[in-house]
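Working notes for the structure below.
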Amino acid sequence: MQEIGIRQARVFLAIADSLSVTRAAKTLNRSQTSVTKSLHDLETQLGVKLFDRSSKGVSLTAFGECLLARAREAAESFAAAQELVPPVSMQQSASTARFFRMDVSDRWLDAFLAVAEYQNIAVAAEHLGLTPAAVSSSLRKLEDTLHMVLFERTPTAVVPSAFGQSLARYVKLARAHLGSARDEIAGLQGVKRGRIVVGTLPFVRTIIVPRAITRLMEAHPYLDIATVEGPYNDLVTGLRCGDIDLVVGALRGSASDKDLVEESILEESLAVICRAGHPLTRRKRLEWSDLLQYDWVLPRRGTPTRMRFERTVGQSGYAGPAHVVETSSLVMVRGLLLESDRVTVLSRHQVLFEEQAGLLAALPFELRGTERPLGITRRRIGTLSPAASLFADEVRRAAADFAQD
């Protein structure tokens, strides 16, 4: 199903607000024929009727109501982007004001977002199936419309300006809302379609997220799911702009972050992990002095796990390990443990299969004060798409099952 265009959403909102094609045409300063054609094209594209027609005007169908909620969220994203522009610019430029009312070419936006992502006009043009000249022309027209610099040209790249970076985030979020509307309309037709992009953090990648994906795909095989792995800040950046639907993993306590909402679903603690057969596995009672005789493998300094570990060691009156290999790769940690007498600190969720296979073992040593909630992080503004909501339900179910195992 084709993407819903920004201008299409603008026309739809004008009709929905006035409940009349004629009045919408006057509001938009377009001919009634043009508005009627735009609506017809959108309904044909979606394969549904968005309005019921009568002699008194139009009224929203169930499909129209579905699109209305998401189109308003898209409009809110453009309105929020308007805050990036000085009020005097809005007053002095009619073209700038039109942009933030979603009166803008989707081709311009395609070029803008592609260049913002690839930072290379030729690569962006290849991705879009256009010529570099066409992409450059779209960027120039968009910058002229906004009277703002969107990119800084360097000898090696085309780098988004601070304004360009922020604007790209709002435009991508608006398009994500419209993409959700398209999937919801398909759902109302009895077909659970849609694409879910999930950001995952280390503690949930072993059991919880794979189990949730498997269950969801068994029930709804027409859904598409993609996972994105990376540092928390990178995942949250994707979440804010709509590239990611939700993030699952250790929570950061973002109560003060007005853009995000966190939901706790499980609590995990850290454990001291080593290879099976390690000399320490034969001890029934361990002290920090025993553990610190060995070399350690730890995450980088400043990561939440490293900070919790160092705090716990410090509270016990010890200085910490003398020799450390730093890595955040679970594959690397596993290899180092299996090939030596090193020890590490991990959630037992992360090495569940290795424990079951008799490769790694958790030592009988309690790391007090390392408890941390796991859960779901999503955007505060807007609602999850039906597909993402179904996935969140499966994550909750998988976490509840894991807690009982």
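Cα-Cα over 30 Å: which of 26/49; 141/258; 56/141; 49/258? Cα-Cα > 30 Å for 141/258; 56/141; 49/258; rest within. One entry in (1) 22.9; (2) 24.4; (3) 21.9 is Kirkwood radius over Cα pairs in Å calculated from the shown coordinates; its label is (2). Distance between the 7 Å Cα→Cβ label points at residue 352 and residue 282: 3.2 nm. Taking the Cα centre of each part, how many Å lie between the stretch 187-232 and the stretch 296-358? After rounding, the separation between the Cα centres reads 29 Å.
Measuring between their Cα centroids, the stretch 241-288 and the stretch 116-178 lie 38 Å from each other. Only helical runs count toward this figure. For the chain, summing -39,500 (n - 2.57) over DSSP H runs of n ≥ 4 and dividing by all residues gives -15500 deg cm²/dmol at 222 nm. For the stretch 151-239, the square roots a ≥ b ≥ c of the C-alpha gyration tensor eigenvalues yield an a/c of 1.5 or more together with a/b not exceeding b/c, which makes the shape oblate.
No lab work stands behind these numbers, since they all come straight from the coordinates. Since the model is a prediction, treat every value here as computed from it, not as a measurement. Neighbour counts are summed over all protein chains in view; Cβ atoms, including those assigned to glycine, are modelled from backbone coordinates with ideal geometry.
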